[in-house]
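Comments concern the structure below.
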Amino acid sequence: HIASIRALLPEVEKDEQLSFVYHKLLMYSTDVLRRICNHGLLLSRSKLEGLKSVYDKHIEDMLEEIVEHVGDAWDPEAYRIATGAKTAPEVFNPSSTKQLAWLVYDRFRDRPPLRKGRSTDEETLLSFAGKVPTPEEAMKILEMKYPLYAKILKMRSVKKERSTYVVGL
């Protein structure tokens, strides 16, 4: 790796912007990461626990909003019969991909432009917004046209942040 970096460095130095990125961003970041690897990172357990509580409350509020939005569309008996499930919860669980797929495809009869079976992954749900250049723009359109799907994607994102950057640390 070092040999290839040395071979490319003269090319990088010719371009002012590339040189800036290499010296001021990449090399600086490498140094910071090296120091963290060698010496560790100080964290405040109490701050992280406080953040966890904030995230938990936010996720709880989002979940309530989603369940309220779904309303009568969630029918546990209809879900159980349609899917062959032995039981069905009284309240819709947006974290259940099977329950969400049943709502999207069977109950609402929505068909995303991106066909990936009965997927409810981020790419599929964002495809309801149509062809837009960025995921941020897709979310704005989704919030207007399919607010439930936007709320579910947002909740997934917040849960991922919580697990990665708060609980994970």
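To keep it simple, each residue is scored yes or no on (1) at pLDDT 95 or above; (2) in a loop (DSSP other than H, G, I, E, B); (3) of a type in the set (Asp, Glu).
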{"position": "33", "(1), (2), (3)": "no, no, no"}
{"position": "41", "(1), (2), (3)": "no, yes, no"}
{"position": "59", "(1), (2), (3)": "yes, no, no"}
{"position": "92", "(1), (2), (3)": "yes, yes, no"}
{"position": "109", "(1), (2), (3)": "yes, yes, no"}
{"position": "136", "(1), (2), (3)": "no, no, yes"}
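Confirm whether residue 55 is more than 17 Å from residue 168 (Cβ to Cβ) and not aliphatic (A, V, I, L, M).
Spelling it out, it is not the case that residue 55 is more than 17 Å from residue 168 (Cβ to Cβ) and not aliphatic (A, V, I, L, M).
Exactly one of (1) farther than 19 Å from residue 67 by Cβ; (2) of a type in the set (Val, Ile, Thr); (3) surrounded by fewer than 17 Cβ atoms within 10 Å (Cβ to Cβ) is unmet by residue 124. Its number?
So residue 124 meets the others, but not (3).
One residue is enough: does the range 23-41 have a residue meeting the conditions surrounded by 12 or more Cβ atoms within 10 Å (Cβ to Cβ) and farther than 30 Å from residue 168 by Cβ?
Checking the range 23-41: at least one residue is surrounded by 12 or more Cβ atoms within 10 Å (Cβ to Cβ) and farther than 30 Å from residue 168 by Cβ.
For the structure I just gave you, tell me whether residue 68 is over 19 Å from residue 157 (Cβ atoms), out of contact with any Phe, Trp or Tyr (no Cβ under 8 Å at 6 or more places or on another chain), at pLDDT 95 or above and open to solvent by 70 Å² or more (accessible area, probe 1.4 Å).
yes
So residue 88 clears everything in (1) surrounded by 10 or more Cβ atoms within 10 Å (Cβ to Cβ); (2) within 28 Å of the chain's Cα centre (by Cα); (3) without any contact (Cβ under 8 Å) to a residue 12 or more places away in the chain; (4) within 27 Å of residue 146 (Cβ to Cβ) except one condition, right? Which one?
With respect to (1) surrounded by 10 or more Cβ atoms within 10 Å (Cβ to Cβ); (2) within 28 Å of the chain's Cα centre (by Cα); (3) without any contact (Cβ under 8 Å) to a residue 12 or more places away in the chain; (4) within 27 Å of residue 146 (Cβ to Cβ), residue 88 is out only on (3).
State all residues of the range 99-118 that are open to solvent by 20 Å² or more (accessible area, probe 1.4 Å) and either under 15 Å from the mean Cα position of the chain (by Cα) or hydrophobic (A, V, I, L, M, F, W, C) (or both); if no residue qualifies, say none.
Within the range 99-118, 108, 114 qualify.
The values are calculated or read from the model by the stated rules, or taken from the named source; none is laboratory data. This structure is a prediction, so every number in the text was calculated from the model and none was measured. For neighbour counting, all protein chains shown are included, and Cβ atoms are generated from backbone atoms with ideal geometry for every residue, glycine included. Side chains included, ligands, DNA and RNA excluded: accessible areas come from the protein's heavy atoms. Shrake-Rupley method; radii C 1.70, N 1.55, O 1.52, S 1.80 Å.
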